[in-house]
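Bear in mind that the values in this text are calculations on the coordinates, not laboratory data. Since we're looking at a predicted model, the values are computed, not measured. For neighbour counting, all protein chains shown are included, and Cβ atoms are generated from backbone atoms with ideal geometry for every residue, glycine included.
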């Protein structure tokens, strides 16, 4: 039994952009539907979605049979929580609200076994190690960890160069929604000033030798970000896709029904 290869981390070595789906509905069937849709990766959003460790692990199990990478975004970058997420099988983490290089450095330490970091050892209870059935898991696990930090505040944007320079940070994701709010354009992540700030951030990230990520739920916006230097792009959110599709379906039929009723049929 071999340790699982982190294909998302491998994809960061390519110049080809990758595309992913946000999973915020904590039902494993939704995870399977998203995982089988053909995306390069899916992200389990436990920052805003109602997930706990058990439901995150359920999503990981549902996703695993499919040829797609998984990323987990926890509610915060807590050292103990990171340890638990890695133990249940998470390999790629996206940590929200990273504002300083010092914070990024602590996140690196939390994500790796000694001597590189401070991740605690508990492989006899860890699904990631298949309960000690993976030979040399402790020696190999660090190679498959991928750490993405998320910039979404004015402080984080100000410190983005030093954050991106932290050794052990593999990629930097810029969150347009919170950043737009911080810049005074709440609810308008496509504002020209926000787009310009994100573009400048991408240049800094790429100049540091790291990959940049972002969420863009329209094709035009995704293309804009790719041209600006984004490498991995979230292009949809499960709950939003369901909400929009069901509203459209209801509107199509209810509007038609209302027209028929008003005509006296």
**Message:** Let me check the size of region 7-237 from its C-alpha atoms; what are the radius of gyration and Dmax in Å?
**Reply:** 16.9, 52
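Which value, in nm² and rounded to one decimal, describes the direction-averaged projected area of the C-alpha convex hull of region 121-168? Provide the component values of the computation, followed by the final result.
Values: hull surface 18.2 nm².
Dividing the Cα hull surface by four gives the mean projection, 4.6 nm².
Just to verify a number: FRET efficiency for residue 29 and residue 109, C-beta to C-beta distance, R0 = 41 Å, to 0.05? Show your work: numbers first, answer last.
Numbers: r = 37 Å, r/R0 = 0.89.
After rounding, the FRET efficiency stands at 0.65.
For region 158-262, take the convex hull of the Cα atoms, compute a quarter of its surface area, and give me that in nm², please.
On the way: hull surface 34.3 nm².
So the Cα hull casts an average projection of 8.6 nm².
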**Message:** Compute a Gaussian network model of the chain, connecting alpha carbons closer than 10 Å, and tell me which residue from 88, 174, 254 fluctuates the most.
**Reply:** 254
**Between helix 53-63 and the chain: long-axis angle, C-alpha atoms, 0 to 90°, nearest 10** = 80
**Inter-label distance for residue 4 and residue 219, nm, one decimal - labels placed 7 Å from Cα along Cα-to-Cβ** = 3.2
**Request:** For region 55-180, state what percent of all Cα-Cα pairs lands in each successive 10 Å bin, counting from 0 Å until the bin that includes the largest distance.
**Result:** 13, 43, 32, 11, 1
**Message:** If I take every Cα pair under 8 Å that is 6 or more residues apart in the chain, average their sequence separation and divide by the length, what percent do I get for the relative contact order?
**Reply:** 19
**Asked** Spin-label point model (7 Å from Cα, Cβ direction): what's the residue 186 to residue 200 distance in nm?
**Response** 2.3
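Could you sort the peptides 53-63, 37-47 by per-residue average Cβ neighbour count (10 Å cutoff), highest mean leading? Let's see the in-between values first.
Working: 53-63: 18.8, 37-47: 20.8.
Order by mean packing, descending: 37-47, 53-63.
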**Message:** Between residue 132 and residue 165, how high is the FRET efficiency from 1/(1 + (r/R0)^6) when r is the Cβ-Cβ distance and R₀ = 45 Å? Nearest 0.05.
**Reply:** 0.80
